[in-house]
1. Please say if segment 113-206 is rounded, prolate or oblate, where rounded means a/c under 1.5 for a ≥ b ≥ c the square roots of the C-alpha gyration tensor eigenvalues, and otherwise the choice is prolate for a/b larger than b/c and oblate otherwise?
2. Just subtract the alpha-carbon distance of GLU152 and ASP320 from 0.36 nm times their residue separation and send over the number in nm, one decimal.
3. Mind sorting MET292, MET214 by how few other Cβ atoms lie within 10 Å of their own Cβ, fewest first?
4. Taking the number of other C-beta atoms within 10 Å as the exposure measure, put SER315, SER154, SER30, SER125 in order starting with the fewest.
5. By how many degrees, between 0 and 90 and to the nearest 10, does the Cα long axis of helix 142-153 differ from the longest principal axis of the chain?
6. When SER32, SER280, SER180 are ordered from fewest to most other Cβ atoms inside 10 Å of their Cβ, what list results?
Amino acid sequence: MITTLKGKLGALAFAGTIGLAVPAIAEEISVSNWGITMYGAPYAVAMEKGFFRQAGVDITGILTSKGGGTTVRNVLAGGLPYGEVALAAAITAIRSGTDIKIVNSGVNTVADILWVTMPNSDVKSIKDLVGRKLAITSPKSVTDMLTIMVLEASGIPLDKVERPALGSIGAGLTALESGSVQAAVIIDPVWSARKDRYRALFYVKDVLPPMNQMVGITTSEFARAQPQKLRAIIAGRRMGVDFIYANPKESALIVAKAYNLKPEVVEATINNLLPLRYWSRGEFDLKGMNEMVRGLKIIGEVTGEVDWDKIIDRSFLPADLRGGS
């Protein structure tokens with residue numbers, strides 16, 4: 001969820017426990033930024049290990065996009081109508097009248113997002129950014145939102161730090177290396193692949209409370225017509241999450257193959273994310289969701305209050321994950 005929020009929504013399936021006796025038909029679901037970010041790791045593992053088939057649905061492929069409304073449209077139009085999208089995109093779609101429900105959580109943290117500087121830079125802390133340039137991707141993007149929140153939390157007036165919008169993570173890193181900006185955003189697994197080129201300046205997780213990134217969505221029609229299949233998707237993803245936590249090394253090999261990345265890079269990334277409990281098993285963290293909404297209000301992407309009871313359907317989660325907090 002690094003680009004503009006309306007162009008950024010992710011797809012990931014999630015997990016419960018169910019077994020079906022009917023034969024499974026090969027099908028596809030949607031996952032935002034598949035092959036790029038780590039949102040999709042549980043799906044890669046669940047497909048490779050046969051967890052989806054074990055649960056009663058044969059997911060054999062992933063439809064992907066850069067996120068946002070594109071992923072929502074994929075959910076509505078292609079493959080099974082299920083996907084994991086950015087929470088902001090789900091809220092935007094629902095408020096625009098799209099008949100979808102949030103049925104599970106995917107990623108309950110922004111722990112994979114950080115800003116870096118050059119190793120020899122005299123910028124040693126957030127305070128040193130006063131009078132300097134801190135790159136974001138685009139106005140009203142998650143990077144725009146997070147930098148506003150980080151600066152405010154650090155007691156730094158927004159007009160004291162210039163925040164140029166450079167269009168992409170890659171463009172920001174290029175500007176950093178050329179000296180045009182003094183800090184740029186990066187995410188895993190790019191960070192794990194390039195740690196020797198940059199120095200971490202601040203991790204968002206060290207400055208701000210936990211906030212939800214990704215949720216699973218489906219159409220109300222699919223939820224009514226095929227509830228068992230939806231529960232099976234959730235179950236398969238949950239098994240994938242549990243396998244990652246229990247077997248990180250094997251999981252890294254699976255994800256590296258699916259993403260066409262170096263195994264050592266994926267292994268380093270997974271090891272970074274494990275202690276943060278990066279992947280939700282499906283349970284909701286309402287505090288983290290409300291914190292994301294607070295940020296979305298800051299950049300004008302959300303107005304008014306969000307009534308979670310109206311847009312979340314917990315009934316497809318296994319009983320032990322329905323509580324929320």
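1. Rounded, since a/c falls under 1.5.
2. 56.7 nm
3. The order, fewest Cβ neighbours first, is MET292, MET214.
4. SER125, SER315, SER154, SER30
5. Here the helix axis deviates by roughly 60 degrees.
6. Least to most surrounded, the residues fall as SER180, SER280, SER32.
Every read-out reported here was derived from the displayed coordinates using simple, explicitly stated rules and does not represent laboratory data. Computed from a prediction, not measured in an experiment: that's the story for all the values here. Counting neighbours? That spans all protein chains shown, and the Cβs are built from the backbone with ideal geometry, glycine included.
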